[in-house]
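Input: one structure, supplied below.
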Amino acid sequence: MSNFKTMTCTIVSLLFLFCLSITIPCCLGYNVVSFGARGDGRTDSTSAFLRAWSAACRSTSQPNVYIPRGTFLVRTLNLNGPCKRRIEFRIDGTLVAPVNYNAIGHSEFWIMFYKVSGLNVYGGTINAKGHGYWSCRNGGKSCPQGARSIQFMWCNNVLLKGLTSLDSQRVHIGIGYSSNVRVENVKITAPSGSPNTDGIHVQNSRGVTIKGSIIKTGDDCISIGPGSMNMWIEQIGCGPGHGISVGSLGSSNNEQGVVNITVTNSVFTKTQNGVRVKSWARPSGGYARNLMFSNLIMRNVGYPILIDQNYCPNNNCPRQNSGVKVSQVTYKNVKGTSSTQEAIKFDCSKSNPCTGIRLQDIKLTHNDRLRRSAVSYCRNARGRRGGTVIPRSCF
């Protein structure tokens, strides 16, 4: 009987150790504390993070970088690949930038993943402490260019999940020249008056999915730049901010197009715009086509549906005709309230009119104390409507 009990205890112990080994491999990997990092919020842990990344990147067995609970002060992090195996970067604590904005502000980024193929980033919180930088910008002073908080450049097969990004100097999350990137369940926060703090900016990338995220910031919740294709965006809570934008496009003559973009099942709250396509009024070989905006709720949003081919946020406007060709754009089941009387506005290029626009089942009312009805505005735009369209379509 005693032998049976002994054998049973041994089996239970082995099963426990087996389960432990498969459930928390990250904690048995490359812990930044083991490389000298200190989670006291004051000690510069940049070198320790870089040493941990370098060791994990060279590893051929369970390459995991682990940031435990605590507050870790880090300056610019260049996390370069390629790595030997798919690598995990798990943040259970908080990463903070130095209070002096110059410490990271002269770089284009704060945390950069470069040429990493096969990457999972889970996390935690990153706080760029951008208030000082915004004050510099808003005060008209001579300021550094500012840093994006986290950037993926030339990366493939990436998962970013559960990250909270606070107070970036500029863009919170950037994705460039990358493919097969999934962004899930992120929370992005910066004040509505913070300049150029786009939540997520995608450019020259394909196969990007963004879902299940809350974005409250001072610029576009999501901006989709030239060279972006095959993007899927869903279940986004956007606002405050400038909405979800394709563009700005038309900055140069030799510009890549934007194609196959879907934005669906999302809610916009008190944003400056809803879903927007924007291009500069100057010659360009760029284009935007096959865009789908569906199942969207607008809550007191300025210009819920907008194509603006005379985009010029400042006073130095080119005042030409946009060369960007906008075509095959569908708006389906978009409902809610507009803070502007023009709930639907298509201000397109005289030399390259918008074509193939479709409005299907739209109901947008003007949130106005004077009870003025919402209206549609069309210039150089061609399309058709289906179902009930409120306000009345100008096609």
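The values are calculated or read from the model by the stated rules, or taken from the named source; none is laboratory data. Keep in mind it's a predicted model, so treat the numbers as computed, not measured. All Cβ positions, even for glycine, are placed from backbone atoms using ideal geometry, and neighbour counts span all protein chains on display. Remember, those area values only see protein heavy atoms, side chains included, never the ligands or the DNA or RNA. Shrake-Rupley method; radii C 1.70, N 1.55, O 1.52, S 1.80 Å.
Answer yes or no: is there a residue in the range 76-86 that is in a loop (DSSP other than H, G, I, E, B) and aliphatic (A, V, I, L, M).
The answer is no; no qualifying residue exists.
I'd like the full set of residues that are part of a loop (DSSP other than H, G, I, E, B) and open to solvent by 30 Å² or more (accessible area, probe 1.4 Å), limited to the range 64-75.
Passing the criteria: ARG69, ARG75.
Report whether or not VAL334 is closer than 23 Å to GLU255 by Cβ, under 26 Å from the mean Cα position of the chain (by Cα) and either touching a residue at least 60 places away in the same chain (Cβ under 8 Å) or surrounded by 20 or more Cβ atoms within 10 Å (Cβ to Cβ) (or both).
Criteria not met by VAL334.
For the range 168-185: of the residues being in a loop (DSSP other than H, G, I, E, B) and surrounded by fewer than 24 Cβ atoms within 10 Å (Cβ to Cβ), which is farthest from the chain's Cα centre (by Cα)?
TYR177
ARG90 passes all but one of (1) open to solvent by 50 Å² or more (accessible area, probe 1.4 Å); (2) in contact with a Leu (Cβ under 7 Å, 6 or more places away or on another chain); which number fails?
Answer for ARG90: the failing condition is (2).
Among the listed residues SER205, SER165, SER135, identify the single one that is open to solvent by 10 Å² or more (accessible area, probe 1.4 Å) and of a type in the set (Gly, Ala, Ser).
SER135
Regarding the range 46-63, can at least one residue be identified that is in contact with a strand residue (DSSP E or B) (Cβ under 6 Å, 6 or more places away or on another chain), open to solvent by 30 Å² or more (accessible area, probe 1.4 Å), touching a residue at least 12 places away in the same chain (Cβ under 8 Å) and not β-branched (Val, Ile, Thr)?
No.
Still on this structure: Scan the range 218-264 for residues that are over 22 Å from VAL181 (Cα atoms) and surrounded by fewer than 17 Cβ atoms within 10 Å (Cβ to Cβ) and jot them down.
Of everything in the range 218-264, those that are over 22 Å from VAL181 (Cα atoms) and surrounded by fewer than 17 Cβ atoms within 10 Å (Cβ to Cβ) turn out to be SER251, SER252, ASN253, ASN254.
What are the residues in the range 96-132 that are polar (S, T, N, Q) and open to solvent by less than 10 Å² (accessible area, probe 1.4 Å), if any?
Correct list: empty.
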